[in-house]
1. For the protein assembly as shown, give the share of DSSP beta bridges that are antiparallel, in percent and rounded to the nearest 5; count only bridges with both residues there.
2. Roughly how many debye, to the nearest 20, is the charge dipole of the protein assembly as shown about its Cα centre, given +1 on each Lys and Arg Cβ, -1 on each Asp and Glu Cβ, and no other charges?
3. Using only Cα atoms, find the angle between the long axis of helix A:16-35 and the longest principal axis of chain A, and express it within 0 to 90 degrees, rounded to the nearest 10.
4. Using modelled backbone amide H atoms (1.01 Å from N, in-plane), which distant-in-sequence or interchain residues come within less than 5 Å of B:Val22's amide H?
5. Report the local net charge at A:Asp182: Lys and Arg +1, Asp and Glu -1, summed over other residues whose C-beta lies under 12 Å from its C-beta.
6. Considering every Cα-Cα pair within chain B, what fraction, in whole percent, is farther apart than 46 Å?
7. Taking H placed 1.01 Å from N in the peptide plane, check which residues at least 5 places from D:Phe281 or on another chain put their amide H under 5 Å from its amide H.
8. Roughly how big is the A-C contact, given as buried accessible area in Å² (both sides, 1.4 Å probe, nearest 100)?
Amino acid sequence: QDTTVIGVSIPAATHGWAGGMNFHAQEAVDRLEEVYPELDFVLATAGDPSEQVSDIEDMVATRGISALVVLPFESEPLTGPVANVANQGVWVTVVDRGLSQEGIEDLYVAGDNTGFGQVSGEYMAENLDEGAQIVALRGIPTTIDNERVAGFEQAIEGSGIEVLEMEHGNWNRDDSFTVMQDFLSKYPQIDAVWASDDDMAVGVLAAIEAAGREDIQFVLGGAGMKEMIQRTMEGDEMIPANVTYPPAMIATAIELTAVGMVSSAPVSGQFTIGSVLVTEENAEDYYYPDSPF
Amino acid sequence: MTSATAALSLEGIDRSFGPVQVLFGVAIDLFPGEVHALIGENGAGKSTTMKIMGGYLSPSHGTVSVGGEPVRFRSSDEAEAQGIVMIHQEFNLAEDLTVEENVFLGHELRKGLFLDKKAMREETVALLDRLDCRVDPKARVRDISTPDKQMVEIAKALRRDARVLIMDEPTAVLTNREAEVLFEQVDRLRSQGVALLFTSHKLDEVKRISDRVTVMRDGHVVESRPTSELTADSMAEAMVGRELSNLFPKRSAEISSDIALKVSNLTVPGHATDVSFELRRGEVLGLSGLIGSGRTETMEGLVGLRSHEGTVEIDGEAVKITSPRDAQSRGLVYLTEDRKSRGLVLNMGLRENLTLQSLPRFAKPFLDQKAEEEALDKAIKDFDIRAPDRSMKAGNLSGGNQQKLLVAKIMLAEPRIVIIDEPTRGIDIGTKQQIYEFIHHLAAEGVSVIVISSEMTEVIGLADRIIVMRQGRVAGEVSGAEKTEDAIVRLAMGLGARETETTA
Amino acid sequence: MSTAETTSAPTQAPRKINIQVLGPIIALVVLVIVGALMNSNFLSYANVTNVLARSAFIGIIAVGMTFVITAGGLDLSVGSMAAFIAGLMILVMNYLLPSMGNGVPIILVGMLAALVAGLAAGFLNGFLITNMRIEAFIVTLGTMGIYRSLVTWLADGGTLSLDFGLRQTYRPVYYEGILGISWPIIIFALVAIAGEIVMRKTAFGRYCAAIGSNDQVARYSSVDVGRVRILTYILLGVLVGVATIMYVPRLGSASSSTGVLWELEAIAAVIIGGTMLKGGFGRVWGTVVGVLILSLIGNILNLTDFVSPYLNGAIQGVIIILAVILQRGRKAEG
Amino acid sequence: MSTAETTSAPTQAPRKINIQVLGPIIALVVLVIVGALMNSNFLSYANVTNVLARSAFIGIIAVGMTFVITAGGLDLSVGSMAAFIAGLMILVMNYLLPSMGNGVPIILVGMLAALVAGLAAGFLNGFLITNMRIEAFIVTLGTMGIYRSLVTWLADGGTLSLDFGLRQTYRPVYYEGILGISWPIIIFALVAIAGEIVMRKTAFGRYCAAIGSNDQVARYSSVDVGRVRILTYILLGVLVGVATIMYVPRLGSASSSTGVLWELEAIAAVIIGGTMLKGGFGRVWGTVVGVLILSLIGNILNLTDFVSPYLNGAIQGVIIILAVILQRGRKAEG
Ligand SMILES: Nc1ncnc2c1ncn2[C@@H]1O[C@H](COP(=O)(O)OP(=O)(O)OP(=O)(O)O)[C@@H](O)[C@H]1O
Ligand SMILES: Nc1ncnc2c1ncn2[C@@H]1O[C@H](COP(=O)(O)OP(=O)(O)OP(=O)(O)O)[C@@H](O)[C@H]1O
Ligand SMILES: [Mg+2]
Ligand SMILES: [Mg+2]
């Protein structure tokens, strides 16, 4: 057999960002299979960490993968199993969430969750007056969410911005719509909202619009959903900015790994994909109309 | 009167369900080695009395004594611990378990930690043998016939080594032959010094087997005497409070010559083969046979409750019946023998049960509750349904009254051909007469009736003509002067009606 | 003639009913009082409208679920079915937009598509359960996976969004109403009232209860058991369609996370309302109360901030159990 | 004497059983064949070990669930309960590490904690269901929310991780075994065999079936219905504890996403195996087959890449329904 099998293991598309990431993974796999006939890919999506470990085990046991690209559902539970795979001589590329033990992976394409929170917080601190009141929507309770919030809180510290309340919107439009409606009932004056994710921003914006409230100056989402970037690009005052956390990083990782497999010089090391502030000025650079996210 | 202490006695027992009092100062003594019969109309309070004895219900007032000592049973377990065992009027079997599992339920034999299945199997087989019942011990109770269920109940009770055995209408679903087997066991237990109490609406049985009779009426004990001082007629009179005329009224109506139903070669796989018969308008056709001869299944096949083959003509027109709904739309309706699991929705009210079969008639398009209530009024009157409370659940009616409600429900569907399977199961003798009259009345109006009954006298008394089935086939037919018990039994047992056909 | 003596006084029945009936209502009232004490805006027009309107989706579905459960069935697929129908509806409308143009007709076509899809999905569940005789739990667990998967696939893993222009046309269906009452509330109320009438006043409702109690008896009573059963699932499917029609204009999108866990919420509402999971007895108004209780719990938790948001789920759990304890407070006898 | 004629052949009964019995096994065999045809490594030692070992969690829980369902109950909380117990176990071990030091004793204490927590959680469910007479669906839906919430709270929204050193000590419990058979497989097999024996050979198993069939009858037959019912939930709780003991060394962590949907998988396995959801009849070996079927579906989907991963759920749904159709193939009559 002269085909090389590359396994790709990612969380299932349970929210918008993950959906975009799924799309980019699938798209990269299709494209690379075309380009490199000698490569074969296995793409598996998992609903929880345990399932992801099972997927990886299956890839090793039945598909004889030479390389694994993994976006860990959670860092802790996957550290051991991925280390196992690495010990068997399989090339390991870790994407976005680092494993909890260093040096396991050959290539690390990293997102920066703390940075994401920081950039968001800095934007708030710059654009709001002292004493401004904001509410925040958090994602699904996970380490990622904790890191983002920690980064955010750190960045607004000392800026005089008061966070009225944070509540979990679970990276879900419907949940954030509900939470935002209740925030609006509860707080007569809200100056801005940190939605922390564009799916949640959609829900938040709908709730604000329905309530007809004028006090909210803007909503800061995140992760660069194309509709949101477009509105920023068009100068929508409610969505003056965005913070990237590109789901396409999975495609980068798959591509780097594939190139490493076919060429003799594997690409190793760490690539950090930092979170960037998107505003009206640079929005065009981050607008991908073909992506589903 | 007797000097010996009663094995079990009730003294001044009252019992109410909510505001309705159903027992008033009931007093009964059961003595070892005596068979005591408790009789009374439907709803008189017999089952309630027995349940109090068995620890299934507690009395509102009064004393229960065992061997002269007052006791207070908090559950049936406590009664059982004292050797008091009861067989319920409605079966108490877990339908998903097998026969042997039911017989030993709660009293399993063990070998160390595990069940001793072999011993239990052997004992079950022995018990069933003693009762001359050939049901497979591994069959699920759900799949066995009603009479077999009764036998399983009896087997279960026999195992318990009772000092006092209480049986609530044990023979209602049995034929004479099987009842005879039961009575042998009763005799045996009596001679062993067990105190027995049973109820039955078959007064000849009561006369034959019991030593003492207690009569209840409307929750009161009205009489208690040695059986030798009573006749079946005097018992009936004491129960009903009036004299009963002839149980089977004379048939006066002419039977039309029109064929209402013609069944040819009806086969219900596994149960009946090539059954053919005709039924004329206004005729009452009896269907007899031993238990397990497939009468029920044949009729269930006919009305589309079971898959079947063969041709059926109604009023000369060939019809294809695949569901009871089809049958009913042609005026053909079947009354089931199994009122508890197929006849009534026990946790629904009387009104809902009564109108269930003919509900479209009351929907215009919304259900006309007033019309339903009127129908219930009429049913209560026509069939003498004794319900202490109109809004009660059907399951809280006494057994006989449930049966009356079931008959009323079928009749409300205004059938033109009606098949009634064990119509008077558990119904008291007074109401039986009313139901017989009702059936004759129907026939006189041109309704054709098929009666399946395990009571030979009932079939003979009611029907114009009797078909006898044996092992899923028609064994023969008797009518007119030939309608004798002997002729039917001979056919049913395969001995042939006429000497020429006898192979014995 | 002697019956007159034995019938008489049905005095106890009303008292018995009262506690069972009052249970969920008391729970609801307690919640309202708690809410009002905790936050002065709780009873404001805006908050009440919000809570009622967002209850409408689950509420409409739960009314259908009441019939399914009453007839002894169960449907775990409703949440996924809603997501799938929403996705389909969006695709259909987006697809027709170039040919039909924006306007009321295209919205109506979308609505029709949702109803037809709901009907078909309900029929499929009902058919498999009734005609193939597979346990409802398994069938609907299967179709739950299927619809969830299909919507993910339709959306290519992402979100299906209604065309922006169409969204503006469709938007009033969620956000506006008549006489200050928004459409979802009106539709929910109508569905609930119709459901209550069907359950109590029609042969169909009676048949559902009879089948759920004892399908054998129903069969022997000439009830077309299979047909009634299938109809309960079809009814539920259509109501999922109706709920979707209300849902899509809210955010104009559908994705694989749409309607997650709606099935559990709907079933919980039905049971909190006093319907028996084993079938045989159903109460549509109880279901409505159940839905409101569930919505209010979430609303109150959002309006107050006593507890760590991590513990919201725990509090919800405790309140659900308490609400039912309240209802079943009296120990059943025997 | 003449009865012999009338009873006659109960010939159909054995045949009836055969098909019901064979159904799930056939489905399993078909899956194995499909898998083997698709990939030559499917039957390899490594893959078989993987599939069996990972089935162990759901499998051990499903054995307990079989008893609960047979006795007419239901438990939706097992997945959250597992997450909670795993979290608790990790906290306990991490907490004791400074005082006890790394080694076998601390692992044993952790295991004990898991079993005790499982027992307590099972008792709580059972107590609320049996003594407070609340529907099992509601109680366990409530506790499901409670445990899920508690583990999120314990983990502060993130992940609870077992100390790295401890993980190394504990690791063999999942990854190693004796005679080449890994521990989870051994424990699963033991639990399944014990479960089968208890179900078929002890009074307890028989009481479960009797209670599920008709609790009134069981009560009248001197069965302590309340006690048996509570015991089924306690048994299930303890088995959840056992499953957790196997789970923690696999991933060394617990979070709010641990054990999500395990309850549905466990219930599905039980029903696929032929146990009736309404209670009254249970089959432990069937449950084991059901668990293997569910695991194999996932495994086989990973063997190939014919279909979009988005559609995995749909294929799983279809196969689950087909497996049950196979089993119930014959139309039940009457
Ligand atoms: N659980 C209950 N709730 C309300 N009423 C009841 C209940 N059980 C019995 N009754 C009523 O008590 C009365 C006596 O019933 P019981 O069953 O003792 O009659 P019975 O003499 O056995 O009649 P049958 O010959 O018909 O079996 C009836 O009116 C019945 O409706
Ligand atoms: N639901 C069932 N499933 C399987 N077998 C059954 C079922 N009901 C009855 N049988 C069996 O079918 C045979 C005939 O049934 P059944 O006893 O009902 O006949 P029958 O002539 O109607 O008698 P009866 O009316 O006196 O009960 C018996 O062997 C019985 O055990
Ligand atoms: Mg009685
Ligand atoms: Mg019969």
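The values are calculated or read from the model by the stated rules, or taken from the named source; none is laboratory data. No experiment lies behind these values; they were computed from the predicted model shown. Because the Cβ atoms are built from the backbone with ideal geometry, glycine has one as well, and the counts that use them run over all protein chains shown. These area figures cover heavy atoms from the full protein model, side chains too; ligands, DNA and RNA do not enter into them. Shrake-Rupley method; radii C 1.70, N 1.55, O 1.52, S 1.80 Å.
1. Details: 59 of 131 bridges.
Antiparallel bridges make up about 45 percent of those DSSP assigns within the protein assembly as shown.
2. Numbers: 111 positive and 154 negative charges, 1070 e Å.
Roughly 5140 debye, rounded to the nearest 20.
3. Between the helix axis and the principal axis of chain A, the angle is about 30 degrees.
4. B:Arg15, B:Ser16, B:Phe17
5. Numbers: positive: A:Lys186, C:Arg54; negative: A:Glu165, A:Glu167, A:Asp175, C:Asp305.
That sum, taken over residues with Cβ under 12 Å, equals -2.
6. Values: 15027 of 126756 pairs.
Summing the P(r) of chain B above 46 Å gives 12 percent of all pairs.
7. For D:Phe281, the qualifying residues are D:Met276.
8. On the way: alone 12610 and 17000 Å², together 27150 Å².
The A and C chains share an interface burying roughly 2500 Å².
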